[in-house]
Amino acid sequence: MNGNATTASPSLFERGMLMLREKGDLELYANVFVIGWAVIFTLWQGVGFAVTLGTVFCIWAILSVSLNLVVGYTGLLSVGHIGFFGIGAYGMAILTSDTSYELLRTESIPQFGLPFFAALPICVLAAGVAAVVVGVVFNRFRDDIYVLVSFGFAIIAFNVFLSWRALTRGAYGIPDVQRPQIGSWVADGEIEFLALCVVFLLIVVGISWFLVSSSFGRVLKAIREDEQVAQVFGYQTTYYKLAIWVISAMMAGLAGGLLGSFTTFVDPNSFILLESMLLVSIVILGGLASIRGSLLGALAFVLLEEGMRFITYLPSEFIGQVRQVVLGVMLVLLMLFRPQGLAGRYKL
Amino acid sequence: MVATDQDIANRDGSDAPASEALLDLVDISVHYGAVIGLDKVSLAVNQGELVAVMGPNGAGKSTVLKAIMGLAPVVGGTVYLRGEPLDVATHEIVKQGISFVPQGRRVFTHLTIEENLRLGCLHVGDRDEQERRLESTLDLFPILRDKRRDYASAMSGGQQQMLAIGRGLMAGPDVLLLDEPTLGLAPIIVTEVFEKISEISQVLRTTILVVEHNIQSILDIASRAYILNNGRLAHDGSPESVRETDILTDVFLGKVGDEEA
C-alpha cells in the first residue's frame, strides 16, 4: 500500500497510451463511436442514405471478414483479394447483363441472360476455382514473398478485367447487371437488396465464426504462429492454407456478385490495386483475427467513404484523395500505438 | 543406405541387440549448403530407454532430432523406426509414433493451454481417446490443469516447457524427442523439468531421445549417452562410461579434433 502511495500517478499522455493498449476499453469506445457516427448520419441524411450505407457496408464486411480468415487467422498477408472480388462482380455482370442494345459497346460479349440467383453460385464457384489455381502456386511462398506474389495477382486480375474485352468490354464496363428476382418479385428496391445483403453477411459471418471456433480454426491459428511446429504435430499445412484461401476467395466472389448487382454496372476501376490496399487496411484497422473487428473496420471505412461527400467545403475532386489520406493517417497511428487494430489480438 | 545387422551390431555398444532398436539412425549426414551439420552419424534408441545426446554448441545435437523429423537437409543415411525406413513427410512422422518437442518451447502463445494440448492429438480421430489423453496429460502436469483456460502467453518459461512436453505427449508417442528442454530456465525449474522427464520415462515407459546441455543432470537419468563433436560421433556408452573418461572435458575444451572424433 505504501508502494502505491509513493508511485507517481500517470500523466494524461500515459493514461491515453494505456487506454489505447487496453483492448476492451478501446474496442468499446470504437464501437460506440463508429455506430454512433452511423446513427447520426442516418438521422441527418435520412433512411435512404442509411439503406445505401447498410448495403455497401454489408458488401465490404463480407469482403473484410473473408480476408481476415486468410490474413488474420492464418497469417498470410494477401493483397490480391480484390481479384476474387472482381471475378465475382464480372461473373455476375457477364452472366446476367443484356448488352445487346448497348449502343456504345465496342465488341459483343457472350450473352447468358441468367437470373441473379443462378448466376451468384457460379460467381462464387468461379472465384473458388481461380483460388485453387492461384493458391497452389501461392503455397510455395511465405512472408514477404507471399505479399509480393499476391500483389502480382491483383495486378494480373486488373489487367485481365481491363484487357479481355471480348469478355469484359474492357474500360467500357458492363451495364445493366440484373437485380435479384424470384418469380415476379424483383429486388429492385434498395431495402429489399439491403435485406438480401444482410442475409448473406449473416451467412458469411456464421460460417467464419464456425470455422475459426472449430479445430480447423485452431490449426489455422497454429499455422499463423508456427507453421513448422504445426507440421510436426501432423498437420499438412499446405492443405489447410489452400482450404481457407479457397473458402475466403469464394466469400469474396459472393461479395463481388452482390456489388455487381447492386451497382448494376461493373468496370475495372472498382478492382484496382488501391482498392485491395484499402481492403487490407480495413482488416488491419478492425483487428487481425477478429470477425467483430472486421465488421467494425468495414463500418468505419464505409462511413468515411460515404461521409466525406457531405463535407461541403471540400472540393469534390479531392474527396477521394482526402479519404485515402485520412485512412493512411489512421493506419500509421494504429501501427504506432495499437498494432493489433481496434479489436484484434495479433500484431501484423 | 540400408544398414546390415553387422553394421548395426558393430556401432552399437548397448546391451540390447541393435537390430531390435526402436529408432535407429544409420550414417546420417546433413549438409547446410557448404556447412556440414552431421557427418555419417549413427545412433540407436531401444524400447524404453532414455538416451541423451550431448556436445558443445554447433556439434550437431539438435540437427540429429531435426534429421529424424525431416526438418534438416539429410544428404545421406537412413532413419529406421521399428526396423523400417522412416521415409515419410514431416507431418506424417507423428502418426508413425514419434513426437518432437522443439527447442525454445514454441508453444502457440495465442491459444489457450487446453487448445495447445488438443492440437497435439487432433490427428487421432477418436474423440474419447483425445479426452483420455488430455486428462492423463493434465494429471501429469497439474499446473496445466489449473490454468487450462489461460493463454499460453501468460505462462512462465518453465510452465511453457511443461506445456510443450505435455503437447508432445498428447500425440501418444512411442518415441519422444526433446530438444534442449531446460534451455533458458531457472535452476529450480530445471530440476522440475528433469524430474518430469524421468517420470515420463519410468512411469509412462515412453522411449526418450533428449538433446541436452545440462550434462550432469541428464547423465543422472539417462540410460545411455551419445557425445557429438563437430557433427561427428565422439563417444557413446553408459553414463558411467562418460563420467569415467575425460571425453566431455576434451570435447567441451576443444581437445578432441576432427581426426580423433
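Do the conditions hold for A:Val39, that is, is it modelled with pLDDT of 70 or more, open to solvent by 50 Å² or more (accessible area, probe 1.4 Å) and assigned to a helix (DSSP H, G or I)?
Numbers: modelled with pLDDT of 70 or more: yes; open to solvent by 50 Å² or more (accessible area, probe 1.4 Å): yes; assigned to a helix (DSSP H, G or I): yes.
Considered against the rule, which asks whether it is modelled with pLDDT of 70 or more, open to solvent by 50 Å² or more (accessible area, probe 1.4 Å) and assigned to a helix (DSSP H, G or I), A:Val39 comes out as yes.
Of the residues making up region A:314-348, those that are among the aliphatic types (A, V, I, L, M), open to solvent by 60 Å² or more (accessible area, probe 1.4 Å), assigned to a helix (DSSP H, G or I) and under 25 Å from A:Arg224 (Cα atoms) number 4.
Filtering region B:198-216 down to residues that are in contact with a Gly (Cβ under 9 Å, 6 or more places away or on another chain) and assigned to a loop (DSSP other than H, G, I, E, B), which residue is most open to solvent (accessible area, probe 1.4 Å)? Out of the qualifying residues, it is B:Arg205.
Per the listing B:Leu134, B:Leu140, B:Leu111, the residue uniquely of a type outside the set (Asp, Glu), within 9 Å of chain A (Cβ to nearest Cβ) and open to solvent by less than 60 Å² (accessible area, probe 1.4 Å) is B:Leu111. Taken over region A:164-183, the residue count meeting the criterion of being in a helix (DSSP H, G or I) and open to solvent by 60 Å² or more (accessible area, probe 1.4 Å) is 3. The criterion of being open to solvent by less than 20 Å² (accessible area, probe 1.4 Å) and either within 14 Å of another protein chain (Cβ to nearest Cβ) or touching a His at 6+ places or on another chain (Cβ under 9 Å) (or both) does not hold for A:Ser294.
Could you tell me whether any residue of region B:228-241 is more than 14 Å from chain A (Cβ to nearest Cβ), touching a residue at least 40 places away in the same chain (Cβ under 8 Å), under 30 Å from B:Phe108 (Cα atoms) and surrounded by 14 or more Cβ atoms within 10 Å (Cβ to Cβ)? Scanning region B:228-241, I find no residue that is more than 14 Å from chain A (Cβ to nearest Cβ), touching a residue at least 40 places away in the same chain (Cβ under 8 Å), under 30 Å from B:Phe108 (Cα atoms) and surrounded by 14 or more Cβ atoms within 10 Å (Cβ to Cβ), so the answer is no.
Residues satisfying the criterion are absent from region B:174-182 (criterion: open to solvent by 10 Å² or more (accessible area, probe 1.4 Å) and out of contact with any strand residue (DSSP E or B) (no Cβ under 7 Å at 6 or more places or on another chain)). Every listed requirement among (1) surrounded by fewer than 20 Cβ atoms within 10 Å (Cβ to Cβ); (2) within 29 Å of A:Tyr346 (Cβ to Cβ) is met by B:Leu219 save one, (2). Beta carbons closer than 7 Å, at least 6 apart along the sequence or on distinct chains, pair a first residue in region A:27-55 that is charged (D, E, K, R) with a second that is crowded, with 17+ Cβ neighbours inside 10 Å for A:Glu27/A:Leu342; A:Glu27/A:Ala343.
Can you report the number of residues in region B:58-105 which are within 11 Å of another protein chain (Cβ to nearest Cβ), part of a strand (DSSP E or B) and not aliphatic (A, V, I, L, M)? Selection size over region B:58-105: 2.
Among all residues of region A:77-97, there is at least one that is modelled with pLDDT of 90 or more, within 16 Å of A:Ala243 (Cβ to Cβ) and outside any helix (DSSP H, G or I). Look at B:Ile68 and say whether it is under 13 Å from the mean Cα position of the chain (by Cα) and more than 28 Å from A:Arg345 (Cβ to Cβ). Spelling it out, B:Ile68 is indeed under 13 Å from the mean Cα position of the chain (by Cα) and more than 28 Å from A:Arg345 (Cβ to Cβ). Can you confirm whether A:Leu202 is of a type outside the set (Phe, Trp, Tyr), exposed (fewer than 15 other Cβ atoms within 10 Å of the Cβ) and under 22 Å from A:Tyr346 (Cα atoms)? No, not satisfied. Between A:Val160, A:Val186, the distinction of being surrounded by fewer than 19 Cβ atoms within 10 Å (Cβ to Cβ) and at pLDDT 95 or above belongs to A:Val160 only. Exactly one residue out of A:Ala222, A:Ala243, A:Ala252 is at the interface with chain B (Cβ under 9 Å from one of its Cβ atoms), open to solvent by less than 50 Å² (accessible area, probe 1.4 Å) and part of a helix (DSSP H, G or I): that is A:Ala222. Given the structure, is A:Val137 in contact with a helix residue (DSSP H, G or I) (Cβ under 8 Å, 6 or more places away or on another chain), under 24 Å from A:Met251 (Cβ atoms), open to solvent by 40 Å² or more (accessible area, probe 1.4 Å) and not in a loop (DSSP other than H, G, I, E, B)? Here the answer is yes, as A:Val137 does meet what is asked.
So that you can scan it fast, the table gives a plain yes or no per residue for (1) open to solvent by 10 Å² or more (accessible area, probe 1.4 Å); (2) among the charged types (D, E, K, R):
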| site | (1), (2) |
| --- | --- |
| A:Glu227 | yes, yes |
| A:Ser248 | no, no |
| A:Leu278 | yes, no |
| A:Leu285 | no, no |
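Filtered by the rule that a residue be β-branched (Val, Ile, Thr), more than 19 Å from A:Phe262 (Cβ to Cβ) and touching a Leu at 6+ places or on another chain (Cβ under 7 Å), region A:31-55 gives a lone residue, A:Val34.
Among the residues of region A:328-336, is there at least one that is over 30 Å from B:Tyr151 (Cα atoms), out of contact with any Pro (no Cβ under 9 Å at 6 or more places or on another chain) and at pLDDT 80 or above?
Looking for residues that are over 30 Å from B:Tyr151 (Cα atoms), out of contact with any Pro (no Cβ under 9 Å at 6 or more places or on another chain) and at pLDDT 80 or above, one finds at least one in region A:328-336, hence yes.
The values are calculated or read from the model by the stated rules, or taken from the named source; none is laboratory data. The structure displayed is predicted, hence computed values, not measured ones. Cβ sites come from the backbone with ideal geometry, for glycine too, and all protein chains shown count toward neighbours. Each accessible area value is taken on the protein alone, full model and side chains, heavy atoms only, with ligands, DNA and RNA left out. Shrake-Rupley method; radii C 1.70, N 1.55, O 1.52, S 1.80 Å.
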